[in-house]
Structures are given as structure tokens and as C-alpha cells.
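Encoded as C-alpha cells, the structure appears first; notes follow it.
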Amino acid sequence: MQVEECFIKIEKHNVLKRVFKPNYNTPRYAVVLIHGIGDHTGQYYDWIQSFIQSGAVFYTFDLPGHGCSDGTRGHIGSIEDIEKIIDHLIANVEPSMPILLYGHSMGAVLALRYIHDRNPKLTGLILTSPWIGLLNPPGKIPLVCGRIARSLFPSMTVKTGIRRFQLYPNTNNSNFSETDSLAHGKISLDTFFQVWDSLHLIEDVPKMEVQTAFVYSKNDLITDVSATEKFAMSMGDKATIISVENEVHNIHLGEHRIETARKINDWINQILKHYDS
């Protein structure tokens with residue numbers, strides 16, 4: 001697998017872009033990946049390798065405020081800026097190549113919002129552990145206070161409250177930085193409310209004609225699995241559910257990631273057959 005890295009300037013952001021390519025074979029399809037809050041693309045190397053072997057090329061980036069990209073940790077800037085980054089990545093794909101958009105956790109909401117706002121031509125959509133609902137959402141009073149604080153200090157960050165054992169297998173409740181200096185447990189007020197408010201907008205997405213794989217752990221301790229299942233059901237035969245038992249939120253790092261990747265690859269092969277025909 002070859003990895004190409006460079007920084008791109010989108011609006012006021014210096015964003016790390018990574019492209020993962022096969023060493024020898026010509027790729028059959030492209031995947032544009034959007035990672036989650038506190039995450040970065042460096043955590044996906046082994047996971048991406050599973051798809052490169054089946055003919056993928058991955059276009060990825062570290063969100064502003066994440067990984068190697070600049071910005072206040074946990075503050076992604078505006079969703080419009082994120083959509084311009086995704087536009088840039090999609091524009092780099094060969095015109096005749098099938099494109100799958102892939103979002104993880106918060107990145108799943110950003111992917112759905114992108115479809116709502118841009119209505120791009122996609123072959124498929126992959127949503128892993130999507131933040132369609134939270135297991136422990138904030139109450140009305142914290143939301144009201146948060147909106148007031150956001151109007152005054154939009155880039156102010158707060159702790160997400162997410163614990164390492166909810167994200168990674170075989171870990172205790174240690175700090176994020178103890179095993180990954182680029183990971184963090186922060187989110188800005190503006191980022192949170194942009195994502196939170198997007199949940200109402202993406203209700204229109206099921207009306208769009210895109211094959212979607214919903215991939216999640218039945219034991220996810222962060223997202224509300226029932227909300228994910230309800231959203232998937234609203235898409236009818238366009239939705240495929242791939243659920244995993246006894247797995248962490250970050251399924252790309254989980255103990256069952258090899259089997260999970262195989263199931264996603266099987267789904268991709270099915271939709272590519274339809275595309276080729």
C-alpha cells in the first residue's frame with residue numbers, strides 16, 4: 001500500500017490530506033473517508049489496508065482541529081468548509097470511478113449533511129457507528145446554556161465525556177494521549193451544535209437514492225443503536241445493516257475488525273456488481 005501525504009489550503013485551514021493506493025493493481029473504486037471527533041486518519045491504516053487489497057483507493061483528511069491539521073483541538077470550523085474539503089477530494093477521483101462516501105461517528109453526520117447539501121453522485125455510503133443519536137444526550141438546560149455560551153465563545157472546547165474503553169479494545173480509563181498523542185477528548189461548542197442541528201436536516205437523506213451500509217456494534221456505549229436502526233429502516237431496501245456483537249465504538253480498531261471489514265467488502269462487491277451492470 002502506498003500512502004501520499006500533503007497539506008491543502010481550504011479557506012483558512014491547513015488540512016492534512018492522505019491518499020492510500022494499491023502498490024501495483026489499478027483501483028476499482030474510490031472511498032472518501034471522514035473520521036470522527038477526537039480521531040484522525042492515522043488510526044485507520046490497518047483498516048484501510050483491508051479495503052486496498054480488494055481494489056480501493058482511499059482519499060482521507062484530518063479534520064481541522066484534529067490530527068496533523070491545524071486549528072483548536074476539537075473545533076472543525078464551519079460545515080461549509082468541511083464540505084469544500086470533501087469537494088476537493090471527490091474532484092481528485094478518476095471521473096469514471098465509482099465513489100463511496102464513508103463517515104465514522106461524527107463523520108457519519110458530516111457525510112449525511114454533505115449528501116443533504118450537495119446531493120453528489122455516489123455509488124454508495126458507509127456509516128460506521130453513526131452519531132444519529134446519542135446514548136446519553138445532553139438535557140434541555142445544558143443545551144440552552146451551551147447555545148448561549150456558543151454565541152459568545154464558539155471555539156471554546158469542552159470535554160466530550162468519552163472514555164478510552166468506549167473507543168478502544170483492551171484499554172482502561174487512561175488519558176487519550178497516553179497511547180496516541182494526536183487523539184483527544186475535546187469538542188468545541190460550535191462543532192457540537194453544528195452536528196446536533198444537522199440531525200434534523202439529515203432526515204431528508206433517506207429520500208435520496210444511495211445504497212447505504214450501516215455498520216455498528218450492538219454494544220456501542222456512545223451512540224444510540226435504536227436511533228441508527230430507525231434511520232436505516234426509513235431507507236427501505238437502500239439500507240444494509242451490518243451489526244457486530246461485543247465491539248467498541250471504533251470498530252476500525254476493534255477486536256473483530258477483520259471480520260467486520262470482510263462483511264463491508266462483501267457489501268461493496270455487491271453494489272459494484274450493480275454499478276458495473
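The values are calculated or read from the model by the stated rules, or taken from the named source; none is laboratory data. The shown structure was predicted, so the numbers you read here are calculated from the model rather than taken from an experiment. FYI the Cβ positions are ideal-geometry reconstructions off the backbone, even for glycines, and counts take in every protein chain you see.
Listed by first and then second residue, the pairs linking a residue in segment 145-160 that is over 25 Å from Leu221 (Cβ atoms) to a residue that is at pLDDT 95 or above and not hydroxyl-bearing (Ser, Thr, Tyr), with Cβ atoms under 6 Å apart and 6 or more places separating them unless they lie on different chains, are Ala149/Leu189; Arg150/Leu189; Arg150/Asp190; Arg150/Phe193; Pro154/Asp190; Ser155/His75; Met156/Leu189.
Residue-by-condition table, conditions (1) crowded, with 17+ Cβ neighbours inside 10 Å; (2) out of contact with any His (no Cβ under 7 Å at 6 or more places or on another chain); (3) under 18 Å from Leu189 (Cβ atoms):
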position	(1), (2), (3)
Ser54	yes, yes, no
Tyr59	yes, yes, no
Gly71	yes, no, yes
His75	yes, yes, yes
Ser78	no, yes, yes
Asn92	no, yes, no
Gly103	yes, yes, no
Val109	yes, yes, yes
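Across segment 184-207, the number of residues qualifying as at pLDDT below 90 and either basic (Lys, Arg) or crowded, with 19+ Cβ neighbours inside 10 Å (or both) comes to 3. Within segment 77-87, can one find any residue that is polar (S, T, N, Q) and in contact with a strand residue (DSSP E or B) (Cβ under 7 Å, 6 or more places away or on another chain)? No: zero hits. Elements of the type strands (runs of 3 or more DSSP E) sitting completely within segment 105-198 and holding at least 3 residues that are within 28 Å of Lys84 (Cβ to Cβ) and in contact with a Leu (Cβ under 8 Å, 6 or more places away or on another chain): these cover 124-128. Among residues that are over 22 Å from His40 (Cα atoms), out of contact with any Lys or Arg (no Cβ under 7 Å at 6 or more places or on another chain) and surrounded by 14 or more Cβ atoms within 10 Å (Cβ to Cβ), Lys273 is not included.
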